[in-house]
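For reference, the structure discussed in these notes is given below.
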Amino acid sequence: MKITALRVLVALASIGVGMSAIPAAHAQMATARVDELVANLVSMAEKKCAENQGNPLAKNLEAQGKLAEAFQVKTSIQTLCVCMPSHARALLKKLPAGAREARVSQDEFTRKYLPQIMNPCAADALKAAYGEGCATQVPEK
């Protein structure tokens, strides 16, 4: 699963999203509330999705005949624009108030909460690339 998560992170980087950017608004603070960090994650995703509206990178790759790369970018955008915000919001709903309001370091947030958001998205990306029906979804070249 780590390889899958790494592939998702590499693909996200291809559209300008680095993991260090996720809690970047709070980087200068020693700690921040979990709900603030999650809100920042969703905000970052929304901003990047707005910047990539219409998926110009994937369209450019398709025009160059780089269909597999275009598919990977589309999967990354699905992760960023749909999956991550959805799982981030779900995480906030299931956390007790005390946990949402708890102050954590960036490292603790990355270790404790980010996998709850990213792992299901990495699994979805893996299923899209290698699951049932993948031959019709993923181009060979």
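Around E108, what is the net charge, scoring Lys/Arg as +1 and Asp/Glu as -1 over all other residues with Cβ under 15 Å from its Cβ? Show your work: numbers first, answer last.
Values: positive: R33, R100, R103, R111, K112; negative: D35, E36, E101, D107.
Net local charge, E108 excluded: +1.
What number does segment 41-141 give for Rg over Rh if you use C-alpha atoms and the Kirkwood radius?
1.06
Please provide three numbers in whole Å: the alpha-carbon extents of segment 27-73 along the principal axes, with the largest listed first.
Cα extents, longest axis first: 46, 17, 16 Å.
Values in this text are rule-based calculations from the coordinates and carry no lab data. Small disclaimer: the values here were computed from a predicted structure and weren't measured. All Cβ positions, even for glycine, are placed from backbone atoms using ideal geometry, and neighbour counts span all protein chains on display.
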